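See structure below.
The values are calculated or read from the model by the stated rules, or taken from the named source; none is laboratory data. Keep in mind that this is a model prediction, so the values were computed, not measured. Positions of Cβ are generated from backbone atoms using ideal geometry, with glycine treated the same way; all protein chains shown enter the neighbour counts.
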């Protein structure tokens, strides 16, 4: 069970990300150098605070193995996504990426705070495979979050281009080609991780003769199928562009359903 | 008295669908001027037809033809477009307003892309055509020459033309919103005109994988291709090139669409649904608007691009004010010059008539004086003559000065001219003199001389 100090730090981290996001949105009205620097500082401080929570929580648990409970897992997921955004924006920025991914980060941190305040259930990590299952499932979720955000950005950019207002005031999102590429790359990575996660989870379930909530299995299968369709777009190009973007958003929504299924309906021993 | 009329429509009053139906190709423009000259031999005409506007300038005698309705019918008949389909998009201007409008057009203040220099060349071309065909005379010659001078001055002496965002620049920006990199992209240019060249220049700077130029005239295609290290391809294989292309720039002189929805839909599968950015710079349009409804197709026409450009000019109001001030100054100068030219012969006759009366009266008075020897008579004649001249000049000074100030007149110059004629029993020769001045102007360079232009009656002022 996370301590009150850890929960407080999670809230501090949320606040920092929110402030960073507000400053970032403020830049839409008027771009100033200090705003950019302040938004970046808030993001870094938010990540740093989350990492402190992870370290503190690991010390409290007496184990450095990550993803041992859902409080820890959700923070890890948030940190991975935030670092990804900062990496992309530093290397080759995509305008507005933070506006789409950071709300997911904030949502995940709120989820971790809520589970921390209530009763976080510890994952039963008996074998390396069960840990691989957890890591790949969460890794896949992170990739799908990026794909979903890129998909949403694609739809908006596409809409603005079709309305012929892409150069008017408002956010300049990345090019359609780059957003589509980001969606496909994220889906490819996420699909691979999800597949590994599903196989290892299924193997563990059979090996330990455990009952897994049906909703989790059904939603996972649905997510897997949707992303399979998105990945199918290079073969059947009529699935590219808007359709792929819409499917990646739908897939991410279902993926959130899987996460909630895991949080609300923990696996029970058989 | 001459009357200046303008009838037109532009990007602010008419959508592209209407403009393209009333646009004149160079050949049509020539034919239209010839027809006008044939139908209204006494009238002067200049026809400006660009992507953004169709404007017909007419100068004719006050009660002569064509009237505005006849000008509208002319446009309607020429293009076989019913009047009710474009009547509400038209604007009419006369006299000062027409001058203001033309100067604003030449200075690019009426353009969708403020500060674009192409319009000046287009105005010059239209005027040259009318001049060659003998359709520009004593009214339109100085008017258009002044308009060109205004346009040039605004471009040279204000920052309006500096740092302007071009249509091709905006097209490139849009392309960047669709594509991430261009090394593997193919740019196809259909048409080899001036617009194609400008657009191609912008896209060539992106260093695309392939640049193709397709044109009906292969020689022109090869010439344009050579300038941008592009490949000239036959227009007959347009389908093949449309399948390969990622960006298509189309600017042909075709009257009918070159790319239709039905035609392009069949190519989507062959293109493997790759996105395509089509820039239609032609008026009339080369690409059927319905093509834009297809998935993965981003079709932008000239209006779309110019609207985007226009948005970049909102912060340039100071520069605009500067340019407008120059235009207004020239309008004022031109109108004063024009008024002086119209009233000059009448004023001159008025002075002559009054001086003649005064001279007669001086002679009569001298004849009544007796007992003067020759030197005394000569001295008296000189003194009385000078006195009479001074009195005439002083009496006429104020009304003439008022007449010369265009702003102080509240009615057309013709009315004042008519009043002068009636009040002072001037011979209609004054009007004839005006006409002869205009004829002389036709033969000369006819450049407006500005407010300082020496008038025939200036000698009287000096004498006064």
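When you scan segment A:162-172, do you find a residue that is closer than 27 Å to residue A:134 by Cβ and either free of Cβ contacts under 8 Å to residues at least 12 places away in the same chain or more than 14 Å from chain B (Cβ to nearest Cβ) (or both), even just one? Among the residues of segment A:162-172, not one is closer than 27 Å to residue A:134 by Cβ and either free of Cβ contacts under 8 Å to residues at least 12 places away in the same chain or more than 14 Å from chain B (Cβ to nearest Cβ) (or both), which makes the answer no.
Might you check whether a residue that is within 14 Å of another protein chain (Cβ to nearest Cβ), in a helix (DSSP H, G or I) and at pLDDT below 95 occurs anywhere in segment B:152-167? Scanning segment B:152-167 turns up at least one residue that is within 14 Å of another protein chain (Cβ to nearest Cβ), in a helix (DSSP H, G or I) and at pLDDT below 95.
Can you say whether residue A:47 is under 25 Å from residue A:150 (Cβ atoms), touching a residue at least 40 places away in the same chain (Cβ under 8 Å) and part of a helix (DSSP H, G or I), as far as the supplied structure shows? For residue A:47, the condition - under 25 Å from residue A:150 (Cβ atoms), touching a residue at least 40 places away in the same chain (Cβ under 8 Å) and part of a helix (DSSP H, G or I) - is not met. Note on segment B:310-326: among residues that are surrounded by 15 or more Cβ atoms within 10 Å (Cβ to Cβ) and at pLDDT 75 or above, the one that is nearest to residue B:155 (Cα to Cα) is B:323.
Here are B:221, B:225: which of them is within 32 Å of the chain's Cα centre (by Cα), away from chain A (no Cβ under 14 Å), part of a helix (DSSP H, G or I) and modelled with pLDDT of 90 or more?
Just one listed residue meets the conditions, B:221.
Selection of segment A:173-186 for residues being without any contact (Cβ under 8 Å) to a residue 12 or more places away in the chain and more than 8 Å from chain B (Cβ to nearest Cβ) yields only A:185. The one condition from (1) surrounded by fewer than 23 Cβ atoms within 10 Å (Cβ to Cβ); (2) within 20 Å of residue A:195 (Cα to Cα); (3) modelled with pLDDT of 90 or more that residue A:129 does not meet is (3).
Quick check, is residue A:112 more than 14 Å from the chain's Cα centre (by Cα), part of a helix (DSSP H, G or I) and crowded, with 16+ Cβ neighbours inside 10 Å? No. Do we find a residue being in contact with a helix residue (DSSP H, G or I) (Cβ under 6 Å, 6 or more places away or on another chain), assigned to a helix (DSSP H, G or I), assigned by TED's automatic domain parsing to the domain that holds residue B:250 and at pLDDT 90 or above anywhere in segment B:125-140? Within segment B:125-140, not a single residue is in contact with a helix residue (DSSP H, G or I) (Cβ under 6 Å, 6 or more places away or on another chain), assigned to a helix (DSSP H, G or I), assigned by TED's automatic domain parsing to the domain that holds residue B:250 and at pLDDT 90 or above.
Can you pull out every residue in segment A:143-161 that is surrounded by fewer than 24 Cβ atoms within 10 Å (Cβ to Cβ) and either within 12 Å of chain B (Cβ to nearest Cβ) or closer than 25 Å to residue A:83 by Cβ (or both)?
Listed by number, the residues that qualify are A:152, A:156, A:159, A:160, A:161.
Per this entry, residue B:170 is not counted among residues that are out of contact with any strand residue (DSSP E or B) (no Cβ under 7 Å at 6 or more places or on another chain), more than 14 Å from chain A (Cβ to nearest Cβ), assigned to a helix (DSSP H, G or I) and under 25 Å from residue B:321 (Cβ atoms).
Filtering segment B:187-196 to residues that are crowded, with 21+ Cβ neighbours inside 10 Å and not in a loop (DSSP other than H, G, I, E, B) leaves B:187, B:188, B:189, B:190, B:195, B:196.
The numbered conditions (1) outside any loop (DSSP other than H, G, I, E, B); (2) within 17 Å of residue B:212 (Cβ to Cβ) are all true for residue B:274 except (1). Within segment A:6-38, the set of residues being surrounded by 20 or more Cβ atoms within 10 Å (Cβ to Cβ) and free of Cβ contacts under 8 Å to residues at least 24 places away in the same chain comprises just one member, A:23. Any residue at all in segment A:208-227 that's closer than 16 Å to residue A:100 by Cβ, more than 14 Å from every other protein chain (Cβ to nearest Cβ) and touching a residue at least 24 places away in the same chain (Cβ under 8 Å)? Checked segment A:208-227: no residue is closer than 16 Å to residue A:100 by Cβ, more than 14 Å from every other protein chain (Cβ to nearest Cβ) and touching a residue at least 24 places away in the same chain (Cβ under 8 Å).
Which residue, of B:281, B:299, B:343, B:305, is crowded, with 22+ Cβ neighbours inside 10 Å, away from chain A (no Cβ under 14 Å), under 34 Å from the mean Cα position of the chain (by Cα) and farther than 30 Å from residue B:143 by Cα?
B:281
Residue under question is residue B:292, and the condition is that it be without any contact (Cβ under 8 Å) to a residue 24 or more places away in the chain, under 23 Å from residue B:168 (Cβ atoms) and surrounded by fewer than 22 Cβ atoms within 10 Å (Cβ to Cβ); does it hold? Here the answer is yes, as residue B:292 does meet what is asked. Consider residue B:136 carefully, then state whether it is within 14 Å of chain A (Cβ to nearest Cβ), buried (at least 23 other Cβ atoms within 10 Å of the Cβ) and either more than 23 Å from residue B:254 (Cβ to Cβ) or without any contact (Cβ under 8 Å) to a residue 60 or more places away in the chain (or both). Judged against the criteria, residue B:136 is not a match.
Would segment B:252-266 turn up any residue that is in a helix (DSSP H, G or I), within 14 Å of chain A (Cβ to nearest Cβ) and without any contact (Cβ under 8 Å) to a residue 40 or more places away in the chain? There is at least one residue in segment B:252-266 that is in a helix (DSSP H, G or I), within 14 Å of chain A (Cβ to nearest Cβ) and without any contact (Cβ under 8 Å) to a residue 40 or more places away in the chain. Residues of segment B:22-56 that are over 24 Å from residue B:253 (Cβ atoms) and crowded, with 21+ Cβ neighbours inside 10 Å: B:43, B:44.
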